[in-house]
Amino acid sequence: MQFGIFTVGDVTTDPTTGRTPTEHERIKAMLAIALKAEEVGLDVFATGEHHNPPFVPSSPTTMLGYIAARTEKLILSTSTTLITTNDPVKIAEDFAMLQHIADGRVDVMMGRGNTGPVYPWFGQDIRQGIPLAIENYALLHKLWREDVVDWEGKFRTPLQGFTSTPRPLDGVPPFVWHGSIRSPEIAEQAAYYGDGFFANNIFWPKHHFQQLIRLYRHRYAQYGHGTPEQAMVGLGGQVFMRKNSQDAVREFRPYFDNAPVYGHGPSLEEFTEQTPLTVGSPQQVIEKTLAFREYFGDYQRQLFLMDHAGLPLKTVLEQLDMLGEEVVPVLRKEFAKNRPAEVPDGPTHAARVAERDAAALEEVAE
Amino acid sequence: MKPLKIVAVSAGLGVPSSTRLLADRLSEATRQRLAGDEPARVVEVHVVELRDLATDIAHNMVTGFPSPALAETIEAVTEADGLIAVTPIFTASYSGLFKSFFDVIDNTALTGKPVLIAATGGTARHSLALEHALRPLFAYLRAVVVPTAVYAASEDWGTGGSGPGGALTERIDRAAGELAALALGRAATAPAAEPADDAFDVVPFAEQLAALRAN
């Protein structure tokens with residue numbers, strides 16, 4: 001089981017001081033947060049991709065390349081990479097390059113994005129969102145697995161005799177997650193390829209995600225990739241902690257009340273009741289996160305959103321200390337209990353290379 | 001025999017409210033029409049006051065998901081065999097609360113639903129708002145709206161007999177009859193509801209890929 005953080009990369013005014021960080025400060029803060037993630041023993045750092053203010057991370061592999069050079073163990077990922085509006089050829093190249101730079105510590109999460117105008121800005125039609133996600137990913141999948149590609153589709157210039165370089169490290173492409181909030185088609189896509197499915201459950205009640213994950217697990221097995229329990233599931237979470245839960249509530253409330261996405265809506269109490277948001281003591285975070293397993297089954301990756309809504313860097317770093325020291329070690333121990341042996345760990349490059357080699361040996365033996 | 005479900009949605013704000021009163025009258029008339037010739041038929045009538053859900057509806061607009069109470073109401077509305085939708089006329093149209101409620105329901109959830117539209121207002125001058133605002137809203141949602149829309153102006157509550165267009169009671173009765181006929185037809189032909197957990201009807205991936213190649 002892997003634990004990490006994912007960031008949206010919003011530039012938001014701190015409601016308690018009225019101060020808005022510059023883009024430069026925010027970008028530097030994101031880097032500091034990523035390095036902190038490794039320092040406190042987390043496994044994964046993932047960044048969003050946006051092409052409009054108030055968000056800064058438009059160029060994920062540039063950012064992740066820097067982090068790769070400054071870390072040893074951290075897996076670098078995205079949340080999400082826009083498979084709809086990016087050229088799949090460029091995604092294939094960028095992430096293969098990053099894979100080499102980071103010695104394999106790379107995976108990627110595909111998403112469709114949630115900002116309508118991004119489609120026309122990049123020459124696409126939002127009504128084609130799902131077909132774009134399907135066709136572009138089919139091409140990306142091929143580019144990473146076939147050295148010379150002839151290809152023709154509905155949305156992109158055809159390719160004749162094209163080789164995407166560099167080739168994936170050790171001939172094993174980055175692991176892919178497909179992220180979705182509401183579309184069963186994406187769960188179906190993830191199942192078809194035997195890829196991971198990341199349910200970004202942080203803003204919505206669990207019932208909806210139970211349905212999506214159940215569908216994904218069921219179809220994963222039907223497509224012959226393993227048992228439903230072996231499907232690769234990732235989940236989001238959102239927490240704010242202080243030793244004393246009342247202090248956590250008092251400190252986080254102004255950030256909650258003014259947060260992008262859900263601010264000026266339901267109360268903190270209603271939202272924590274209905275979604276995975278936990279504002280309280282580390283023990284409360286542990287209890288709420290452990291309950292995910294009961295709702296969704298044993299899973300592979302847990303990412304927390306820790307740095308949005310204008311929280312100052314200093315506070316976020318304190319939160320990461322608590323997450324790494326007090327929460328994740330307990331979660332690792334508890335999630336390992338009664339975990340069936342057949343349930344896979346979170347994906348790593350080394351494990352995928354070993355798996356590929358084992359499969360090749362088996363083929364030779366036959 | 002499966003019970004027939006009629007849900008009335010009232011967007012009235014006052015307590016008591018003439019919009020609620022009209023919703024009650026329409027519900028009762030529909031219930032009588034449905035039960036009238038068939039004593040064994042069970043008719044369940046459920047009236048929803050959107051006033052009680054006003055903040056939940058606003059929260060749904062902000063967060064993208066319904067509170068448990070709102071989810072329950074949306075489920076009742078989408079599963080009903082007939083829907084009675086009643087709004088006060090505000091600034092020449094349906095009230096914002098009424099529109100917001102239908103905005104947070106999935107835009108395919110009312111396809112084929114028999115709907116009776118009704119409204120209340122201070123004067124009869126705004127009665128065509130039913131035809132110019134409510135009927136297109138439900139047409140967009142591909143609901144089946146009965147021909148008679150019922151408008152009750154203040155004066156209608158004190159008018160008997162048969163004036164131009166008929167007295168309020170006559171219009172209520174005619175509209176209720178139309179809704180009852182459609183609701184019966186729907187209940188007789190609608191397939192049994194799928195269990196909620198199998199709500200996703202996914203096109204197999206190979207077919208999705210093939211559809212792209214065909215283009």
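The values are calculated or read from the model by the stated rules, or taken from the named source; none is laboratory data. Remember, predicted model here, so these are calculated numbers, not experimental data. Cβ atoms come from the backbone with ideal geometry, glycine included; neighbour counts cover every protein chain shown.
Kindly indicate the residue of region A:230-249 that is closer than 13 Å to A:Gln283 by Cα and charged (D, E, K, R) and also surrounded by the fewest Cβ atoms within 10 Å (Cβ to Cβ) among those meeting that condition. Among those residues, the one meeting the criterion is A:Lys243. If I filter region B:69-85 for residues that are of a type in the set (A, V, I, L, M, F, W, C), in a helix (DSSP H, G or I), within 14 Å of chain A (Cβ to nearest Cβ) and within 12 Å of the chain's Cα centre (by Cα), do I get at least one hit? Taking every residue of region B:69-85 in turn, at least one turns out to be of a type in the set (A, V, I, L, M, F, W, C), in a helix (DSSP H, G or I), within 14 Å of chain A (Cβ to nearest Cβ) and within 12 Å of the chain's Cα centre (by Cα).
Within region B:51-68, work out how many residues are more than 14 Å from chain A (Cβ to nearest Cβ) and either touching a Gly at 6+ places or on another chain (Cβ under 8 Å) or among the β-branched types (Val, Ile, Thr) (or both).
Of the residues in region B:51-68, the ones more than 14 Å from chain A (Cβ to nearest Cβ) are B:51-52.
Keeping just the survivors that are either touching a Gly at 6+ places or on another chain (Cβ under 8 Å) or among the β-branched types (Val, Ile, Thr) (or both) gives B:51.
The total comes to 1.
Within region A:68-90, if we keep just the residues that are of a type in the set (Val, Ile, Thr) and more than 16 Å from the chain's Cα centre (by Cα), the residue that is farthest from A:Thr22 (Cα to Cα) turns out to be A:Val89. Can we say A:Asp298 is in contact (Cβ under 8 Å) with a residue 24 or more places away in the chain, in a loop (DSSP other than H, G, I, E, B) and buried (at least 22 other Cβ atoms within 10 Å of the Cβ)? So A:Asp298 does not fit the description; no. Applying the set (1) over 24 Å from A:Tyr255 (Cβ atoms); (2) at pLDDT 95 or above to A:Leu320 leaves exactly one unmet item: (1). Inspection of region B:92-105 identifies at least one residue that is of a type outside the set (Gly, Ala, Ser), within 14 Å of chain A (Cβ to nearest Cβ) and either assigned to a helix (DSSP H, G or I) or farther than 30 Å from B:Gly122 by Cβ (or both).
Do any helices (runs of 4 or more DSSP H) entirely within region A:127-244 hold 1 or more residues that are touching a Cys at 6+ places or on another chain (Cβ under 9 Å) and among the small types (Gly, Ala, Ser), and if so, which?
Details: elements: A:129-143, A:184-193, A:206-222.
Filter on region A:127-244 gives an empty set.
For B:Ala139, indicate whether it is assigned to a loop (DSSP other than H, G, I, E, B) and either without any contact (Cβ under 8 Å) to a residue 60 or more places away in the chain or crowded, with 17+ Cβ neighbours inside 10 Å (or both). So B:Ala139 does not fit the description; no.
Filter region A:93-116 down to the residues that are surrounded by fewer than 16 Cβ atoms within 10 Å (Cβ to Cβ) and more than 22 Å from A:Gln2 (Cβ to Cβ), then identify the one that is modelled with the highest pLDDT. The residue in question is A:Gly116. Within region A:210-239, residues that are under 23 Å from A:Leu331 (Cβ atoms) and at the interface with another protein chain (Cβ under 10 Å from one of its Cβ atoms) sit with their Cβ atoms under 7 Å from residues that are surrounded by fewer than 17 Cβ atoms within 10 Å (Cβ to Cβ) and not β-branched (Val, Ile, Thr), at 6+ positions apart or across chains, in these pairs: A:Gln210/A:Tyr295. Among the residues of region B:34-56, those identified as within 18 Å of the chain's Cα centre (by Cα), crowded, with 20+ Cβ neighbours inside 10 Å and part of a helix (DSSP H, G or I) are B:Leu34, B:Leu50, B:Leu53. Within region A:242-265, the set of residues being in contact with a Pro (Cβ under 6 Å, 6 or more places away or on another chain) and within 14 Å of chain B (Cβ to nearest Cβ) comprises just one member, A:Asn258.
In the set (1) in a helix (DSSP H, G or I); (2) farther than 19 Å from A:Glu38 by Cα; (3) of a type in the set (D, E, K, R), the condition left unmet by A:Glu342 is number (1).
Can B:Thr120 be described as touching a residue at least 24 places away in the same chain (Cβ under 8 Å) and among the polar types (S, T, N, Q)? Give the steps one after another, and end with the answer.
Numbers: touching a residue at least 24 places away in the same chain (Cβ under 8 Å): yes; among the polar types (S, T, N, Q): yes.
Judged against the criteria, B:Thr120 is a match.
Among the residues of region A:167-200 satisfying the criterion of being in contact with a Lys or Arg (Cβ under 7 Å, 6 or more places away or on another chain) and in contact (Cβ under 8 Å) with a residue 60 or more places away in the chain, which is farthest from the other protein chains (Cβ to nearest Cβ)? Among those residues, the one meeting the criterion is A:Val172. Pairs meeting the criteria (first residue in region A:120-135 and away from chain B (no Cβ under 14 Å), second residue of a type in the set (A, V, I, L, M), beta carbons under 9 Å, at least 6 apart or on different chains) are A:Pro120/A:Ile126; A:Phe122/A:Leu82; A:Gln124/A:Val118; A:Gln124/A:Leu132; A:Ile126/A:Val118.
Conditions tested, residue by residue: (1) more than 23 Å from B:Asp173 (Cα to Cα); (2) in contact (Cβ under 8 Å) with a residue 40 or more places away in the chain; (3) of a type in the set (S, T, N, Q).
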residue: B:Gly12; (1), (2), (3): no, yes, no
residue: B:Glu28; (1), (2), (3): no, no, no
residue: B:Asp37; (1), (2), (3): no, no, no
residue: B:His46; (1), (2), (3): no, yes, no
residue: B:Pro66; (1), (2), (3): yes, no, no
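Residues checked against (1) of a type in the set (D, E, K, R); (2) at positive phi; (3) surrounded by fewer than 18 Cβ atoms within 10 Å (Cβ to Cβ); (4) in contact with a Phe, Trp or Tyr (Cβ under 6 Å, 6 or more places away or on another chain):
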residue	(1), (2), (3), (4)
A:Pro131	no, no, no, no
A:Leu140	no, no, no, no
A:Leu143	no, no, no, no
A:Pro168	no, no, no, yes
A:Gly179	no, no, no, yes
A:Phe197	no, no, no, yes
A:Asn200	no, no, no, no
A:Lys206	yes, no, no, yes
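So in region A:157-166, with the set limited to residues that are more than 26 Å from the chain's Cα centre (by Cα) and not hydroxyl-bearing (Ser, Thr, Tyr), which one is surrounded by the fewest Cβ atoms within 10 Å (Cβ to Cβ)? Of everything passing the filter in region A:157-166, A:Gly161 is surrounded by the fewest Cβ atoms within 10 Å (Cβ to Cβ). Scanning region A:136-166 for residues that are in contact (Cβ under 8 Å) with a residue 24 or more places away in the chain, of a type in the set (A, V, I, L, M) and away from chain B (no Cβ under 14 Å) yields A:Leu143, A:Leu159. If I filter region A:266-292 down to residues being within 23 Å of A:Asn338 (Cα to Cα) and aliphatic (A, V, I, L, M), which single residue comes out as farthest from the other protein chains (Cβ to nearest Cβ)? Only one residue fits best here, namely A:Ile286.
The single condition among (1) touching a strand residue (DSSP E or B) at 6+ places or on another chain (Cβ under 9 Å); (2) under 25 Å from A:Asn86 (Cβ atoms); (3) aliphatic (A, V, I, L, M) that A:Ala231 does not satisfy is (2).
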